[in-house]
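Structure record follows, encoded as structure tokens.
The values are calculated or read from the model by the stated rules, or taken from the named source; none is laboratory data. Given the structure is predicted, the values throughout are model-derived calculations rather than measurements. Cβ placement follows ideal geometry from the backbone for every residue including glycine, while neighbour counts extend to all protein chains displayed. The protein model used for the area step is the full one, side chains on, heavy atoms only, and it has no ligands, DNA or RNA in it. Shrake-Rupley method; radii C 1.70, N 1.55, O 1.52, S 1.80 Å.
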Amino acid sequence: MFNKLRYQLLSVFIFLSFVLVGLTIISFIYIKQKSKLEDIHQKILDINNYILNNSNTISTFFTYDTKNPEFFVSGKSNYLRTHKNNLELIRSEVKNLQQLDGINQFGIIQKISSIKHDLDQYDNKVERIVELIQRRGYKDFGTEGKMRNFIHQLEDIKEINVTKVLMLRRHEKDYIIRNEEKYIQNLLVLSKEFRSDIQNNPYLSSSKKDTALHYLDNYMNYFNLMVYLDRQIGIKDNSALRHEVYILGNKIISEFNLIKDETILKKEIYFKRIKFYYIISSAFLISVCIFLSFYLSKRITKNISLLSTNISDFVNSNFDKNTGNYFPDQYNKNEVGLLIDNYLALRTETLSLIHGLQKKVEERTRAINCQKNKINQQKEEIEAQRDELYRQNHLIEFQKKKTEQQNKDIISSIQYAKLIQEALLPSQDMLNRYFSRNFIYYKPKDILSGDFYWAKRIKNSEFDISLIAAVDCTGHGVPGALMSMLGIAFLNEIVLKKEVTMANHVLDMLREKVIESFQNHVTGSISSDGMDISLALIDHSTNKLHFTGANRPLYLVRENNLKVITGDKMPIGKHGISHGQFNNNILDIQKDDVIYLFTDGYADQFGGSKNKKFKRQRLRELILKIHNNPMDLQKEMLEIEHAKWRGNNRQTDDILILGIRL
């Protein structure tokens, strides 16, 4: 009978426990999920507000700072700084949103990833527009400023027809204000008429005519460049990059509005479902508790109350042997009656145990003291280990600072090596003395470069020649820079000391010196180091161009036609085909011929929409397109095209292009 009641009570208790645990879990889940969903929804609202604020910031930048002289002087803008801060905040908030627990319930992970990609594109396009706006300039700054400077210089020539100049300025302003094609055409037609007027002006001397035509040509060149940049930017008619930024910004805002609406709908559905489960579970638990309360109260209250009173008296009397045994002589021998019998037996045993309690307490105290001593010993060992760890951490920190200092010393050495390398290259003043119209587009991939250019002028009673070369050494960085300094030294020795004046003889002797320098001590083991070179020799007394090349060509542009003068298919070195002498190509030169010497870095740059190489064919087309412009403007247009093609890619190799108008 006792076992039956015990099992009944145990079953009821277990059942109630499970119900309570279930209700507790449901309540906890409900509260936690509600908090998660609210956090996700609030995070989405915050990001949406950040995106709207950033869109307004960019619009304000285009409205004000594109016409603000302070922006073009300092290159800084509070709106752009705010835009950068907003983008960093948006990216951080999107990343935090993706990491929030419960985000998968909304099914928006893929959409958020798409928005992150769109944000990166948006940032890249804004940076590209800012770069083009700074190049384009405003009023006295950038391309527009250079254009205005030349027209002002043209106005200062007193013999010039001022009416024509004012008409040019009027068409120029009409285009800037209205951005219409007809004003471009009007200005082009008027510039041709003005050019003819200058040439036929009897009041102008020949030198003033050349000066006036030079100012007019540069004015038109910079006007055309300004028109080209306006079309790339599209800020006046909301086209091109400006339109792309506008469309991409609206796309991001629309996607986040859609995510926000979906989140609200799914959040409401989930709240209703959890609330329903919570109400059903609570009602069931309350019903079960009421039933069990009446049942247990009726069955076991009487004898349990008697047992409880005796236990309380026995305990409150400090376990006095004369208390706690007031039971009737006859009581029901049911489950509670058996509990009373067991209590009486337990009472007797308790009184017996109390007498031996003191002895056991003393024994336990001694055991505790022993354990305390062991704990103190372990504490000392732990403190010793802590001190050792502190010493090791101090040693690691010392090694870290030492490594950082070594790295700083290496970078400083490389920076100093760069100064040495640049000091060995011909200066711009030197090249201007040799060739009055030239440009150098020199852009190393690393701090040090494996490409270099070299030039010499030899003038005496026997001959008057100029030599110029573009050289690509093996590798780039430190190895390439060391090879370049060796090449400069060899070329100076060959031309100055040995007085070699034939272009192909220079390369023959240079190859011999390179092979001799890199010949190993072990027979049959030859270094693969070397260089590719294009070398041009201009004989000023005969107006002849001598060209020889090692794996590199020369481009000659004459009367809008480009001619490729190929070099020999062998390097300056032992690797590859290296037998035989280099050929000497001789050409007649004319006034305004333009020659280009270059290494392979520009053509090998990866980029474009398909991430492929720029290639020589595209380089030849670009040279034909820009060769009539002034040399400094050609260099600037090469830089713009390279930056546009490269995009976000890293620079592939060292870049060197030399241009000379003869």
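Structure summary
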quantity	calculated
Pairs with Cβ under 9 Å, 6+ apart, first in region 172-184 and without any contact (Cβ under 8 Å) to a residue 40 or more places away in the chain, second among the polar types (S, T, N, Q) and open to solvent by less than 70 Å² (accessible area, probe 1.4 Å)	174/186
Filter pass, residue 420 being in a helix (DSSP H, G or I), open to solvent by less than 80 Å² (accessible area, probe 1.4 Å), closer than 30 Å to residue 467 by Cα and among the β-branched types (Val, Ile, Thr)	yes
Some residue of region 422-432 being in contact with a Leu (Cβ under 9 Å, 6 or more places away or on another chain), closer than 28 Å to residue 626 by Cβ and in contact (Cβ under 8 Å) with a residue 24 or more places away in the chain	yes
Verdict on residue 158 being closer than 17 Å to residue 252 by Cβ and open to solvent by 60 Å² or more (accessible area, probe 1.4 Å)	no
Subset of region 178-196 (residues that are farther than 13 Å from residue 217 by Cβ, open to solvent by 60 Å² or more (accessible area, probe 1.4 Å) and part of a helix (DSSP H, G or I))	178, 181, 182, 185, 186, 189, 193
Which listed residue, of 314, 271, 294, 276, is modelled with pLDDT under 75, part of a helix (DSSP H, G or I), open to solvent by 80 Å² or more (accessible area, probe 1.4 Å) and of a type in the set (Phe, Trp, Tyr)	294
Pairs where the first residue, in region 112-124, is under 13 Å from residue 648 (Cβ atoms) and the second is outside any helix (DSSP H, G or I), C-beta under 7 Å, 6+ apart	124/648
Number of positions in region 218-250 that are more than 16 Å from residue 136 (Cα to Cα), open to solvent by 50 Å² or more (accessible area, probe 1.4 Å) and assigned to a helix (DSSP H, G or I)	5
Identity of the residue in region 590-610, open to solvent by 80 Å² or more (accessible area, probe 1.4 Å) and touching a residue at least 24 places away in the same chain (Cβ under 8 Å), that ends up nearest to residue 531 (Cα to Cα)	606
Pairs with Cβ under 6 Å, 6+ apart, first in region 473-489 and over 17 Å from residue 535 (Cα atoms), second among the basic types (Lys, Arg)	476/445
Residues satisfying the stated conditions in region 67-83, i.e. hydroxyl-bearing (Ser, Thr, Tyr) and either open to solvent by less than 50 Å² (accessible area, probe 1.4 Å) or closer than 14 Å to residue 137 by Cβ (or both)	74, 77
Some residue of region 89-96 being modelled with pLDDT of 85 or more and surrounded by fewer than 13 Cβ atoms within 10 Å (Cβ to Cβ)	yes
Qualifying strands (runs of 3 or more DSSP E) (wholly inside region 579-662; at least 3 residues being under 31 Å from the mean Cα position of the chain (by Cα) and either more than 28 Å from residue 542 (Cβ to Cβ) or at pLDDT 95 or above (or both))	655-661
Selection from region 410-440 of residues that are under 31 Å from the mean Cα position of the chain (by Cα) and not hydrophobic (A, V, I, L, M, F, W, C)	412, 413, 415, 416, 418, 421, 422
Condition met for residue 565 (under 16 Å from residue 549 (Cα atoms), crowded, with 16+ Cβ neighbours inside 10 Å, aliphatic (A, V, I, L, M) and modelled with pLDDT of 95 or more)	yes
Any hit, region 135-147, residues being open to solvent by less than 10 Å² (accessible area, probe 1.4 Å), at pLDDT below 85 and of a type in the set (Asp, Glu)	no
From the options 59, 35, residue that is at pLDDT 80 or above and of a type in the set (Gly, Ala, Ser)	59
Subset of region 76-102 [without any contact (Cβ under 8 Å) to a residue 12 or more places away in the chain, among the basic types (Lys, Arg) and either touching a Leu at 6+ places or on another chain (Cβ under 7 Å) or farther than 16 Å from residue 259 by Cα (or both)]	76, 81, 84
Only one of 623, 657, 586 that is of a type in the set (A, V, I, L, M) and open to solvent by 70 Å² or more (accessible area, probe 1.4 Å)	586
Residues located in region 449-486, provided they are among the small types (Gly, Ala, Ser) and either under 22 Å from residue 553 (Cα atoms) or open to solvent by 30 Å² or more (accessible area, probe 1.4 Å) (or both)	449, 450, 455, 461, 466, 469, 470, 475, 480, 484
Residue among 431, 389 that is of a type in the set (A, V, I, L, M, F, W, C), open to solvent by less than 90 Å² (accessible area, probe 1.4 Å), part of a helix (DSSP H, G or I) and out of contact with any helix residue (DSSP H, G or I) (no Cβ under 9 Å at 6 or more places or on another chain)	431
Residue satisfying all of: in region 490-517; farther than 20 Å from residue 581 by Cα and touching a residue at least 12 places away in the same chain (Cβ under 8 Å); least open to solvent (accessible area, probe 1.4 Å) among these	492
Residue in region 192-209 that is more than 45 Å from the chain's Cα centre (by Cα) and β-branched (Val, Ile, Thr) present	yes
Some residue of region 102-109 being at pLDDT 85 or above and part of a helix (DSSP H, G or I)	no
Total residues in region 57-74, condition over 19 Å from residue 241 (Cβ atoms), out of contact with any Asp or Glu (no Cβ under 9 Å at 6 or more places or on another chain) and not hydrophobic (A, V, I, L, M, F, W, C)	3
Residues within region 541-573 that are at negative phi and among the polar types (S, T, N, Q), tallied	5
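Let's see how each residue does on (1) without any contact (Cβ under 8 Å) to a residue 40 or more places away in the chain; (2) surrounded by fewer than 16 Cβ atoms within 10 Å (Cβ to Cβ):
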site: 198; (1), (2): yes, no
site: 202; (1), (2): yes, yes
site: 207; (1), (2): yes, yes
site: 216; (1), (2): no, no
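Residues are listed down the side, and each one gets a yes or a no for (1) at pLDDT 90 or above; (2) part of a helix (DSSP H, G or I):
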{"site": "461", "(1), (2)": "no, no"}
{"site": "465", "(1), (2)": "yes, no"}
{"site": "478", "(1), (2)": "no, yes"}
{"site": "483", "(1), (2)": "no, yes"}
{"site": "499", "(1), (2)": "no, no"}
{"site": "528", "(1), (2)": "no, no"}
{"site": "557", "(1), (2)": "yes, no"}
{"site": "577", "(1), (2)": "no, no"}
